[in-house]
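J.: I'd like to ask you about the structure that follows.
The numbers here are math on the coordinates, done by the rules we state, and not lab data. Everything numeric in this text was worked out from a predicted model, so none of it was measured. Note that each Cβ is placed from the backbone with ideal geometry, even for glycine, and that neighbours are counted across all protein chains shown.
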Ligand code: ADP
Ligand code: ZN
């Protein structure tokens with residue numbers, strides 16, 4: 001199955017992506033994770049990406065599209081994949097249509113006023129990618145799944161998040177219409193707890 005997981009920053013895409021990819025045995029492709037890995041290694045694309053990501057802006061389409069195109073050409077994507085964080089502009093969605101089909105787009109919906117608190121309280125496992133919220137960690141600082149010390153992403157601060165939400169509204173949300181018109185969009189309520197959201201995704205995927 002070729003799946004696009006769509007949602008605003010903080011909607012819980014990453015959390016659900018780990019679970020969906022495992023259930024359907026498909027590779028989880030997160031453009032955010034790819035950029036962060038490149039930033040860590042200080043590759044040319046990582047150095048460019050950092051200047052945008054630190055400001056809460058999108059990495060330019062051309063570079064982003066190229067990275068995804070190359071990733072989807074790999075052998076492990078031939079039977080399906082889960083895209084998390086791509087496409088993020090209509091131009092990216094149009095480009096994706098030229099090099100791959102998409103079976104379903106899952107829109108994880110969370111009211112915009114809930115997102116700021118979700119993101120600024122987020123802590124992530126750098127090893128297995130699991131996400132947590134400080135509200136539920138009650139002082140624990142390590143990953144419940146693999147024991148790795150949790151970190152806060154550099155772009156998860158209030159200032160950068162405000163810009164990311166603006167960018168989402170302006171540049172990313174028009175994609176909803178784009179996929180609705182193609183008849184591949186399904187919408188799930190992202191406000192429940194992790195298991196509830198996962199169950200409604202599974203139900204709708206059938
Ligand atoms: P979130 O969904 O919480 O914003 P991601 O890890 O998906 O987090 O993305 C982090 C940042 O990486 C984004 O704010 C953006 O700057 C950059 N990025 C990720 N995916 C894309 C994309 N498809 N196009 C442009 N920039 C992207
Ligand atoms: Zn972990």
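J.: On average, how much area does the Cα convex hull of region 126-206 cover when viewed from any direction, in nm²?
T.: 7.4 nm²
J.: Work out the P(r) tail for the chain: percent of alpha carbon pairs separated by more than 30 Å, whole number.
T.: Numbers: 3271 of 21115 pairs.
It works out to 15 percent of all Cα pairs.
J.: Less than 12 Å from a label point 7 Å out along the Cα-to-Cβ axis of residue 173: which backbone N atoms in region 1-31 qualify, by residue?
T.: Under cut-off, by backbone N: 8-9.
J.: Would you list 33, 97 from fewest to most Cβ contacts within 10 Å? Mind dumping the intermediate values first?
T.: On the way: 33 16, 97 13.
If I rank by nearby Cβ atoms, fewest first, I get 97, 33.
J.: Also, I was wondering about something else. Can you compute the label reach from residue 23? Point 7 Å from Cα along the Cβ direction, backbone N cut-off under 19 Å, restricted to region 64-80.
T.: Answer for this model: 80.
J.: Ordered by packing density, taken as the mean number of other Cβ atoms within 10 Å over each peptide's residues, highest first, how do 100-110, 167-177, 3-13 rank?
T.: Values: 100-110: 17.5, 167-177: 15.7, 3-13: 24.7.
Top of the packing list down: 3-13, 100-110, 167-177.
J.: Please work out whether region 164-206 counts as rounded, prolate or oblate from its C-alpha gyration tensor, where a ≥ b ≥ c are the square roots of the eigenvalues and a/c under 1.5 means rounded, while otherwise a/b larger than b/c means prolate and anything else oblate?
T.: oblate
J.: For the chain, what's the relative contact order in percent, using C-alpha pairs closer than 8 Å and at least 6 residues apart?
T.: The normalised contact order for the chain reaches 30 percent.
J.: If you average the sequence gap of Cα pairs under 8 Å that are 6 or more apart and divide by the length of region 34-110, what percent do you get for the contact order?
T.: Numbers: 34 pairs, mean separation 13.3, N = 77.
Value for region 34-110: 17 percent.
J.: First check a/c for region 67-167, with a ≥ b ≥ c the square roots of the eigenvalues of its C-alpha gyration tensor; if it is under 1.5, answer rounded, and if not, answer prolate when a/b is larger than b/c or oblate otherwise.
T.: It comes out oblate by the Cα gyration axes.
J.: Here's a follow-up. In a Gaussian network model over the chain where Cα atoms closer than 10 Å are linked, find which of 186, 194, 65 has the largest mean-square fluctuation.
T.: 194
J.: Continuing with this model, one more query. Calculate how many DSSP beta bridges within the chain are antiparallel, expressed in % of all such bridges and rounded to the nearest 5.
T.: Antiparallel bridges: around 25 percent, rounded to the nearest 5.
J.: Under 18 Å from a point placed 7 Å out from the Cα of residue 163 along the Cα-to-Cβ direction: which residues of region 43-63 have their backbone N that close?
T.: 46-61
J.: Treat each spin label as a single point 7 Å out from the Cα along the C-beta direction, and report the residue 1 to residue 145 distance in nm.
T.: The modelled label-to-label distance comes out at 1.8 nm.
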